[in-house]
Amino acid sequence: MYLLGHIIGWLWLMLTVAIGLSRHSVKSANRFLILSRIGYLLIIITGVALAIRTLSGNWWLTLVKAILGLGTIGMIEVAFARKQESHLNPGLVTLLVCGTVLTIVCGIGLHWQLTGNLI
């Protein structure tokens, strides 16, 4: 149940971030920033519940995934702040995409190691 909520939260976040950062209007981007914060709430709540359950199975990978997830959320906030200032550069977007991919790979690896299944 928590895993499904966590995945839905990340999908929601990635959708709102992609749409929000691609908007030309700052006012329109701000709407998607607010919507993305709903995703943060869901991700953090389900992430803590999942971390409590996976901590005994593999504590170091759980810790790495938590740090990567919080770092990705922080980079999203920075990207939206730069978008508001009209200083969003391709390097930050590349770093955001790489952080997101690393977080996803780490989460899939953690799930695979603990359950033996990819999904």
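One table, with the values for the structure above:
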read-out: Contour minus Cα-Cα distance for residue 94 and residue 23 (0.36 nm per residue); value: 23.8 nm
read-out: Where labels lie 7 Å past Cα in the beta-carbon direction, separation of residue 52 and residue 87 in nm; value: 4.1
read-out: Surface share of carbon and sulfur [accessible, 1.4 angstrom probe, percent] for the chain; value: 75
read-out: Listed residues 102, 5, 52: farthest to the positive end of the dipole of the chain (Cβ charges); value: 5
read-out: Principal-axis tilt of helix 26-54 within the chain, Cα atoms, nearest 10 degrees; value: 10
read-out: Trypsin sites (Lys or Arg not before Pro) within region 1-106: DSSP coil, no more than 15 neighbouring Cβ in 10 Å; value: 23
read-out: Candidates 56, 28, 36: whichever shows maximal mean-square fluctuation once the chain is modelled as a Gaussian network with Cα springs under 10 Å; value: 56
read-out: Efficiency of FRET between residue 70 and residue 1 - r from beta-carbon atoms, R0 25 angstrom, step 0.05; value: 0.65
read-out: Value of relative contact order over the chain, rounded to a whole percent, pairs C-alpha under 8 Å and six or more apart; value: 25
read-out: Theoretical ellipticity at 222 nm over the chain - DSSP helices of four or more residues, -39500 (n - 2.57) apiece, nearest 500; value: -30500 deg cm²/dmol
read-out: Percentage relative contact order, region 1-52, counting C-alpha pairs under 8 Å, at least six apart; value: 50
read-out: Selected from 81, 29, 18 as most flexible by GNM, with the chain as the system and alpha-carbon contacts under 10 Å; value: 18
read-out: Cα centroid separation - region 1-45 against region 54-86, whole Å; value: 13
read-out: All-pairs alpha carbon distance profile, the chain, 5 Å steps from 0, percent; value: 2, 12, 22, 23, 17, 11, 8, 4, 2, 0
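The values are calculated or read from the model by the stated rules, or taken from the named source; none is laboratory data. Worth saying up front: this structure is predicted, and the values here are computed from it rather than measured. Positions of Cβ are generated from backbone atoms using ideal geometry, with glycine treated the same way; all protein chains shown enter the neighbour counts. The accessibility values were calculated without ligands, DNA or RNA, using every heavy atom of the protein model including side chains. Shrake-Rupley method; radii C 1.70, N 1.55, O 1.52, S 1.80 Å.
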